[in-house]
2 protein chains.
Amino acid sequence: MTDTPVIRLLLADDQALVRGALSALLGLEPDLEVVAEVGSGDAVVPAVLEHRPDVALLDVEMPGIDGIAATAEVRRAAPDTRVLIVTTFGRPGYLRRALQAGAAGFVVKDTPAAQLADAVRRVHRGLRVVDPTLAADSLVAGESPLTARETDVLRAARDGSSVATIAGRLFLSEGTVRNHLSSAIGKTGATNRAEAVLTAEGNGWL
Amino acid sequence: MTDTPVIRLLLADDQALVRGALSALLGLEPDLEVVAEVGSGDAVVPAVLEHRPDVALLDVEMPGIDGIAATAEVRRAAPDTRVLIVTTFGRPGYLRRALQAGAAGFVVKDTPAAQLADAVRRVHRGLRVVDPTLAADSLVAGESPLTARETDVLRAARDGSSVATIAGRLFLSEGTVRNHLSSAIGKTGATNRAEAVLTAEGNGWL
DNA sequence: ACCTGACCATGACAGCTGTCACGGGTCGGC
DNA sequence: GCCGACCCGTGACAGCTGTCATGGTCAGGT
């Protein structure tokens, strides 16, 4: 640990405008330097290996692999790089899964802009940064009660497909699909397939 | 044209981080100056009246009134202020409705960051700025084929409510709701209520 | 006056959906 | 080994959904 005063950053966000804007915002801080920007989850690990940033700021929703899977890969490929998730949706399941994947921090995009640089510095110092209200939500919402198969079926039902279509896509019997759906509906407290999809999505279970 | 060299801007976006980041990005340009930032649609017009910006950058999705309705109000309250829509979702219906409401430009958030300042300058000079690929989509998608009532019913069906619930909420008979839904399903080319909701939302018809 | 289109409603009907009961299979833990 | 949790399947059934036919009102255009 010598006196390297500059924290090197990587930005990953699919919206180029937001990416550039965040870069401009963080570039105003004298102790921060953006060394790489990528627009997809697949490009995160190669960029990390090439530029060796101190902190990687990842969005969750991205083309390719999502930010949570990218977090796990970054942890494995470059353990010295700390990951800070910066996302639009403060879904409880996202926070939980991100932390389990090894993220050091989790910030929602409607936090004040001045706070972001501070979050980056805390993460770099080895501290955890978590939105407090979101952490509470995460506790009450808990882990996903859905089994792997129920998640698959519910995910396939997101686009409004019929039972027959889902069954064909997942190579299952229609009755099985109906059973999984029924179980998922019960577990989510919904009365409906569409409702179940919405609450599961809202909790970050899909 | 050697008049006022500085273009005064207003930023409206519900995500504070994005707002601040855009402010930082645009603040780097010597001929641009952000004079106001707001986080809700309701706050747009008062801020415009107070600060009299040359260009207002509005997001579509915001708490309070949305960016399109805000556009119309800005045009009415301060005709000298030009409006540039900056949004996440490039939905064809958004573009059409924004232009009809009097917006001078429409930019999607995954355009390159360097292009935004240019778009602001073009809008300020009185030019129209529209994403070309989006404009093509807007032409093929066309205006919403849904009647007012069909839109109401479909909007009430977004959260997965049953026919009975929708009927109660809209003070209609269940049969009427089913008819409107059926008509909307036919017009959207869907086979399903959920599918109809998705395609209608994707086209910006809700 | 006529027609068109949007709106509301009723009733009927096939088909899809959600639920339940039941059976069989695998796998890991006690 | 037994048990539980998960997975897959079948069959049956009530209830909801989507469609259609029919009929009425009302505004706008010809």
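What to note about this one:
- Complete set of residues in region B:170-185 that are surrounded by 18 or more Cβ atoms within 10 Å (Cβ to Cβ) and within 6 Å of DNA strand C (Cβ to nearest atom): B:172
- Residue identified as without any contact (Cβ under 8 Å) to a residue 24 or more places away in the chain and either within 12 Å of chain A (Cβ to nearest Cβ) or in contact with a Lys or Arg (Cβ under 6 Å, 6 or more places away or on another chain) (or both) among B:164, B:157, B:117, B:136: B:164
- Only one of the numbered conditions (1) within 12 Å of chain B (Cβ to nearest Cβ); (2) within 13 Å of DNA strand D (Cβ to nearest atom) is violated by residue A:188, and that is (2).
- When the residues of region B:48-85 are filtered to those that are of a type in the set (A, V, I, L, M, F, W, C) and open to solvent by 10 Å² or more (accessible area, probe 1.4 Å), the one that is farthest from residue B:136 (Cα to Cα) is B:49.
- Between A:163, A:153, the distinction of being within 12 Å of DNA strand D (Cβ to nearest atom), over 25 Å from residue A:98 (Cβ atoms) and surrounded by 15 or more Cβ atoms within 10 Å (Cβ to Cβ) belongs to A:163 only.
Table: residues versus (1) more than 24 Å from residue B:76 (Cβ to Cβ); (2) without any contact (Cβ under 8 Å) to a residue 60 or more places away in the chain.
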position: B:14; (1), (2): no, yes
position: B:24; (1), (2): yes, yes
position: B:29; (1), (2): yes, no
position: B:32; (1), (2): yes, no
position: B:37; (1), (2): no, yes
position: B:43; (1), (2): no, yes
position: B:51; (1), (2): no, yes
position: B:56; (1), (2): no, yes
position: B:62; (1), (2): no, yes
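- The residue list A:134, A:146 contains one member that is within 30 Å of residue A:175 (Cα to Cα) and open to solvent by less than 70 Å² (accessible area, probe 1.4 Å), which is A:146.
- Selected residue (only one of A:111, A:88 is away from DNA strand D (no atom under 16 Å from the Cβ), touching a Lys or Arg at 6+ places or on another chain (Cβ under 7 Å) and either open to solvent by 50 Å² or more (accessible area, probe 1.4 Å) or assigned by TED's automatic domain parsing to the domain that holds residue A:55 (or both)): A:88
The values are calculated or read from the model by the stated rules, or taken from the named source; none is laboratory data. Treat the numbers as computed from the prediction; the structure is a model and nothing was measured. With ideal geometry, Cβ positions are generated from the backbone for all residues, glycine too; neighbour counts draw on all protein chains shown. All accessible areas refer to the heavy atoms of the entire protein, side chains included, with ligands and DNA or RNA removed. Shrake-Rupley method; radii C 1.70, N 1.55, O 1.52, S 1.80 Å.
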